[in-house]
Amino acid sequence: MSHHHVVIIGSGPAGLTAAIYTARANLQPLVIEGEPSSTSDQPGGQLMLTTEVENFPGFPEGIMGPELMMRFREQAARFGAEFLTEKVTAVDFSERPFRVHVRDREFTADAVIVSTGAQSLMLGLEAEGRLLGHGLSTCATCDGFFFRGHEIAVVGGGDSAIEEATFLTKFASKVTLIHRRDALRASKIMQDRALSNPKIEMLWNSTVVELLGTDKLEGAIVRNTISDELTTLPVTGLFVAIGHRPNTDLFKGVLDMEDTGYLVTRPGSSYTNIDGVFACGDVQDHTYRQAITAAGSGCTAAIDTERWLEANTH
């Protein structure tokens with residue numbers, strides 16, 4: 001068993017920013033960063049699955065997602081953060097010091113920062129792993145710019161799908177919204193906006209069954225759920241907007257969460273319902289979901305943690 005002032009669970013932009021700040025505060029954080037084999041809990045978070053990041057301040061030429069995360073990690077290590085490339089298997093926050101288990105190893109901590117992130121729900125197609133970041137995307141605000149003048153499609157029927165489709169009309173020549181039913185789930189105002197947009201075409205009662213292309217997306221095969229008829233859409237971009245799932249299974253029954261699984265933090269802070277346990281990044285943010293907002297909330301969590309430790313440990 002080893003004891004640490006702070007254990008950080010997760011290593012995306014939120015966790016690594018928290019690591020930089022807590023390390024600089026001389027708290028020698030241990031970052032348990034996840035396993036490389038797991039898409040839901042991999043070191044570096046969702047940015048490891050993206051190619052070019054053009055909207056992170058300070059990189060006017062853009063930077064590859066994995067390289068950006070490597071730089072975050074090196075910066076945290078430079079100030080003394082320790083890293084463990086494993087997946088947390090259990091937590092015990094019932095008493096202090098808190099206990100964090102990694103298989104048969106146990107770590108104790110005065111404070112814990114949870115930054116396990118969220119994952120985009122995908123279509124479950126074989127080609128997704130290969131084409132993600134190469135025409136297939138889960139974030140319009142991140143990648144829309146790359147599709148100027150292209151014909152693209154968005155899959156989904158909720159508010160976020162409509163929002164993505166509407167946003168993408170700024171760049172694309174045409175956006176096809178593919179929805180498995182014959183009516184949208186989105187709010188009335190969002191629906192009206194989409195249905196009246198001349199660049200958005202609706203494809204009702206349809207699901208994507210196959211993606212075409214080897215190293216970049218060249219089209220999508222769509223099946224009509226009523227007639228079973230297959231159609232090929234010649235799109236060069238496909239945005240999946242069927243929702244996100246926060247990686248919070250580990251904290252069920254332990255930390256307060258919304259029905260959707262997102263952790264609840266006290267307004268304007270990173271405090272969870274357990275004193276000394278903080279949460280930051282996409283695990284508690286279902287609104288913005290950007291690398292820069294995650295990094296900002298990681299900074300918030302680190303400062304909250306530092307102040308809390310100052311007041312509660314002697």
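What is the one condition in (1) surrounded by fewer than 16 Cβ atoms within 10 Å (Cβ to Cβ); (2) not basic (Lys, Arg); (3) not in a helix (DSSP H, G or I) that VAL112 does not satisfy?
(1)
Going residue by residue through region 82-95, is there one that turns out to be loosely packed, with under 14 Cβ neighbours inside 10 Å, touching a His at 6+ places or on another chain (Cβ under 9 Å), modelled with pLDDT of 95 or more and of a type outside the set (Asp, Glu)?
yes
Just to be sure I understand, how many residues within region 158-180 are touching a strand residue (DSSP E or B) at 6+ places or on another chain (Cβ under 8 Å) and not in a helix (DSSP H, G or I)? Give the derivation first.
Restricting attention to region 158-180, the residues satisfying the condition of being touching a strand residue (DSSP E or B) at 6+ places or on another chain (Cβ under 8 Å) are 161-162, 164-166, 168-169, 172-180.
Checking the rest, the ones that are also not in a helix (DSSP H, G or I) come to 169, 172-180.
Count: 10.
Among the residues of region 181-198, write down those that are part of a loop (DSSP other than H, G, I, E, B) and either surrounded by fewer than 16 Cβ atoms within 10 Å (Cβ to Cβ) or touching a Phe, Trp or Tyr at 6+ places or on another chain (Cβ under 6 Å) (or both).
If the condition is that a residue be part of a loop (DSSP other than H, G, I, E, B) and either surrounded by fewer than 16 Cβ atoms within 10 Å (Cβ to Cβ) or touching a Phe, Trp or Tyr at 6+ places or on another chain (Cβ under 6 Å) (or both), then ARG181, ASP182, ALA183, ARG185, SER187, SER196, ASN197, PRO198 are the ones that fit.
Out of (1) more than 25 Å from THR248 (Cα to Cα); (2) in contact with a strand residue (DSSP E or B) (Cβ under 7 Å, 6 or more places away or on another chain), what's the single condition that is false for GLU126?
Every listed condition holds for GLU126 apart from (2).
Quickly run through region 65-109 and pick out the residues that are among the β-branched types (Val, Ile, Thr), part of a strand (DSSP E or B) and in contact with a Lys or Arg (Cβ under 8 Å, 6 or more places away or on another chain). Don't jump to the end; show me each part of the working.
Within region 65-109, the first condition is being among the β-branched types (Val, Ile, Thr), and the residues that meet it are 85, 88-89, 91, 100, 102, 108.
From what is left, the residues that are part of a strand (DSSP E or B) are 91, 100, 102, 108.
Selection gives VAL91, VAL102, THR108.
Filter region 232-280 down to the residues that are hydroxyl-bearing (Ser, Thr, Tyr), in contact (Cβ under 8 Å) with a residue 24 or more places away in the chain and not in a loop (DSSP other than H, G, I, E, B) and list them by number.
The one that is hydroxyl-bearing (Ser, Thr, Tyr), in contact (Cβ under 8 Å) with a residue 24 or more places away in the chain and not in a loop (DSSP other than H, G, I, E, B): TYR271.
Read through the list (1) within 25 Å of the chain's Cα centre (by Cα); (2) under 25 Å from GLN290 (Cα atoms), then give the number of the only condition that GLN191 fails.
Unmet condition: (1).
Taking the conditions exactly as written (acidic (Asp, Glu), farther than 30 Å from ARG180 by Cβ, without any contact (Cβ under 8 Å) to a residue 60 or more places away in the chain and assigned by TED's automatic domain parsing to the domain that holds ALA14), does GLU74 satisfy them or not?
So GLU74 fits the description; yes.
Of the residues ALA279, ALA311, which single one is within 14 Å of ALA111 (Cα to Cα), surrounded by fewer than 14 Cβ atoms within 10 Å (Cβ to Cβ) and modelled with pLDDT of 95 or more?
Testing whether each residue is within 14 Å of ALA111 (Cα to Cα), surrounded by fewer than 14 Cβ atoms within 10 Å (Cβ to Cβ) and modelled with pLDDT of 95 or more leaves just ALA311.
Does THR287 satisfy the condition of being within 21 Å of the chain's Cα centre (by Cα), assigned to a loop (DSSP other than H, G, I, E, B) and either of a type outside the set (Val, Ile, Thr) or closer than 24 Å to CYS142 by Cβ (or both)?
yes
Of all residues in region 220-241, count the ones that are surrounded by fewer than 18 Cβ atoms within 10 Å (Cβ to Cβ) and of a type outside the set (Lys, Arg).
Matching residues across region 220-241 total 11.
The values are calculated or read from the model by the stated rules, or taken from the named source; none is laboratory data. Nothing here was measured: the structure is a model prediction, and the numbers come from that model. With ideal geometry, Cβ positions are generated from the backbone for all residues, glycine too; neighbour counts draw on all protein chains shown.
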